[in-house]
Each structure stands twice: as C-alpha cells, then as structure tokens.
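Here is the structure we will look at, set down as structure tokens.
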C-alpha cells in the first residue's frame, strides 16, 4: 500500500466575520493551500471533499461545495469538472473530509485530493440561525430518548439536567460529564481551569487564533458561569473560519521539487467511530478510534510528541487525555495540573490554543487542527514549536449521542 501525504495545509484566521461570505472563505483557503503546497494551480486535483454544517440556515443546502467553488472555476483558478463531495458530520465534518481525501489516494482514484472545511456560526441579529445549526448535532426525531438519558445522568452526576432559555444543551451535557468525573475521580474545578488557562496562554502565539490573550487559572474560575462547573473561558466561542489540506500519493509527490517533498507530512492513520448511548462509566468512542489509529500507525501513546484534541470545553481536554491513553482513566485532571500537557511537557496538547481560544467554526475545526500539527511537524510553529516533533495526533468529535459524540476522528501524522 502506497503512503499518503499532506502536501499543503492552510487555515484562515478564526474570528467573527459578519461581512465575509462562505465563498470568500473558500477562496482564501483554496488559494492558501495551493501556495503552501508550492503549486501554481490546482489542475492536478482529482477530487474535492467540501465540509460545512450551516449553509442550509441561509437557504443553501445540497450543493454547498459546488456553489462555493463556482467563482473559482469561472476564473480558471479551480479545475473544471472535478467531483465535489459535500460532507456534514457536526464538529467532526472537516476531519471526515480529510478522511475521504485520504481514501481517494489509498484507492488510487486520485493522485491529489482536496479537503476543505468552511463555516460561519456568527449570525449578527439572527442568533436563532446559530442555534438551528447546533441543533442539527443532536437527535431531533426522538428527543424523549436523550431527555430521559440526561435526566438520569443528572442524578448520577449530582448536577440536575435543567434545560431552559439562555442555556445550551451542549454545554449542559459537557458540564454534567465534568460533574460526574469530579464526583467519580476527584477532578477539581481548578484542574479544569489550569487546562483552560494553558490554552488561552498558548493562543497568544497563534496569529490565527480568535482569542489571543493569556489567562490565569484564577481568572478562568472568576469568569462568568455558563453551566457549573464551566465558566465562559472554558467554553469554545462562536466564530467563523475555514481550513484546507491537499492530500497526495507517494508517486505524485516524487514528481515534485525537492522543496515540496521536504515539507510533506505522512498520514500514518485516519480512523472514524460513531457514538452510542453509553453507560456513564463506559469509555467513549474516542478511545476505540485512538486504539485503531495506534494499531494502524504502528505506534503507542508514548510515541505521540503532541496532540490537538477537541476541547469544546476545557473538561473535554482532560477527558480526551484519558481516552487517548496519555494517562490512566480518571487521571486527566492531575495530568493537566502537572504541566505535562504544556509546551515543554511530556505530551503538549492544544498548543494552537485549542477550541476554547483558537476558535471553533464547526465545519472547519478538524482541518485547523491538522494545519497546526503540520506546522509543528515541519518545524514552522514559531514560539509554540515543540522541539523535534515527529509524530502528532488530532482527535476531533462531532455531534452528541448521550455522553458520546455522535462521530469521532483520530488522525496520526508523521514527519
């Protein structure tokens, strides 16, 4: 089986861009990923996977990628007649797009495949559009099933499930998971705040992060409560952005210049799992995805030099540290407190700033994680660079299925 490489990677800045369109963001990241790959054009692209979750709230469904790429086709910047496959999988959308591009190369269908994720979650004057976008990430047919599940989980965690105006079900479910973890394993609010402060401080060095200010754990704890034990600083913000990657075959890469070859990063594994209504004491779907990825890549958690994980809340980083095998079950809070997950630690996590500070435009998030890891593996991450990084992992979850995400991706990259 031939190796598969990321030859180009690019992310826009993440922020609130009320005057920037989906087409604008598509143009930026497409031209950006071509430039990063050292390509004058995209003529070799054989397939495109376009990730987005929310364009339907503007009335545009079904052919989102074709619509956003049409101006580039018309201008001769994007090749005509290239198949465009539209992808939607909640917050895991962009990782699913990359998985599709990876499979294109493995199958021999294409020598060069484009994965792109574009999202606008900020709707000034129309917050109901944002809520409709997020509501798509939970079962709308059998609401009684998850209402009963969360009611029981609230009793078990000591944090009653109390949905209502001014609250989001998603933050409440994360908060219940955190409360259960605190009750079961002794995790503390301060440990969650330490993980959060680390990421906000790391984002100071990421010019594309939505929030670029440092916070101390005390400042995190003093921020406005969202859903106990989570404060606003511990929760990913609303924002817009896009990211992309060009994936190529080994044969195609060998035809490129030495400079292009030297910056290529190998995809050692890409795995997907789906969620279920699990028991509260049962490991999550990311544990299985990670185990499959480690086997496919021939590595162990100890071989990972750094990771980007899906911290929609800062508790998630603590939990995913356990699921990914960076520490034992129940030890994620102590791992964060030990500073092992900070720059210079044994397993740096979310040096981009993570979702809580880098930002979380749903359909672009997974590829922005990949962009950060590609920069790190190339040695191009500047002040947040992990010295000698050779192997990196991205974990990206999307949607909600009880206490599981509905979908999870784990990708391992190697230099």
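Summary of values
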quantity: Output for segment 357-394, where each listed residue is in a helix (DSSP H, G or I), under 15 Å from residue 199 (Cβ atoms) and either outside the structural domain of residue 214 (by TED's automatic domain parsing) or under 11 Å from the mean Cα position of the chain (by Cα) (or both); calculated: 358, 365, 368, 369, 372
quantity: Among (1) more than 17 Å from residue 244 (Cβ to Cβ); (2) surrounded by fewer than 21 Cβ atoms within 10 Å (Cβ to Cβ); (3) touching a residue at least 60 places away in the same chain (Cβ under 8 Å) - the single one residue 32 does not satisfy; calculated: (1)
quantity: Residue match in segment 139-162 (condition: surrounded by fewer than 12 Cβ atoms within 10 Å (Cβ to Cβ) and at positive phi); calculated: yes
quantity: Residue ID - farthest from residue 297 (Cα to Cα), chosen from residues in segment 251-265 that are in contact (Cβ under 8 Å) with a residue 24 or more places away in the chain and touching a helix residue (DSSP H, G or I) at 6+ places or on another chain (Cβ under 9 Å); calculated: 256
quantity: From the options 31, 112, 106, 98, residue that is over 25 Å from residue 408 (Cα atoms), modelled with pLDDT of 95 or more and not assigned by TED's automatic domain parsing to the domain that holds residue 398; calculated: 31
quantity: Leading residue by the ranking (surrounded by the most Cβ atoms within 10 Å (Cβ to Cβ)) among those in segment 346-356 that are in contact with a strand residue (DSSP E or B) (Cβ under 9 Å, 6 or more places away or on another chain) and not in a helix (DSSP H, G or I); calculated: 349
quantity: Among the candidates 111, 41, residue that is free of Cβ contacts under 8 Å to residues at least 60 places away in the same chain, in contact with a helix residue (DSSP H, G or I) (Cβ under 9 Å, 6 or more places away or on another chain) and closer than 25 Å to residue 2 by Cα; calculated: 41
quantity: Test for residue 63: is it exposed (fewer than 15 other Cβ atoms within 10 Å of the Cβ), in the same structural domain as residue 251 (by TED's automatic domain parsing) and in contact with a strand residue (DSSP E or B) (Cβ under 9 Å, 6 or more places away or on another chain); calculated: yes
quantity: Residue match in segment 65-84 (condition: farther than 16 Å from residue 370 by Cβ, modelled with pLDDT of 95 or more and in a strand (DSSP E or B)); calculated: yes
quantity: Exclusive hit being in a loop (DSSP other than H, G, I, E, B), closer than 18 Å to residue 239 by Cα and touching a strand residue (DSSP E or B) at 6+ places or on another chain (Cβ under 7 Å), set 20, 26; calculated: 20
quantity: Residues of segment 158-175 that turn out to be over 14 Å from residue 131 (Cβ atoms), touching a residue at least 60 places away in the same chain (Cβ under 8 Å) and within 27 Å of the chain's Cα centre (by Cα), as a count; calculated: 3
quantity: Checking residue 121 against (1) assigned by TED's automatic domain parsing to the domain that holds residue 276; (2) in contact with a helix residue (DSSP H, G or I) (Cβ under 6 Å, 6 or more places away or on another chain), the condition it does not meet; calculated: (1)
quantity: Flag for residue 50 being more than 22 Å from the chain's Cα centre (by Cα) and surrounded by 23 or more Cβ atoms within 10 Å (Cβ to Cβ); calculated: no
quantity: Unmet requirement for residue 228, which otherwise passes all of (1) closer than 30 Å to residue 106 by Cβ; (2) surrounded by fewer than 19 Cβ atoms within 10 Å (Cβ to Cβ); (3) in contact (Cβ under 8 Å) with a residue 60 or more places away in the chain; calculated: (1)
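Residue by residue, here is whether (1) in contact with a strand residue (DSSP E or B) (Cβ under 8 Å, 6 or more places away or on another chain); (2) touching a residue at least 60 places away in the same chain (Cβ under 8 Å); (3) over 17 Å from residue 247 (Cβ atoms) holds:
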site	(1), (2), (3)
15	yes, yes, yes
58	no, yes, yes
72	no, no, yes
89	yes, yes, yes
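The values are calculated or read from the model by the stated rules, or taken from the named source; none is laboratory data. Owing to the predicted nature of the structure, the values given are computational and were not obtained by experimental measurement. When we count neighbours, we look across all protein chains shown, and the Cβ atoms used for this are built from the backbone with ideal geometry, even at glycine.
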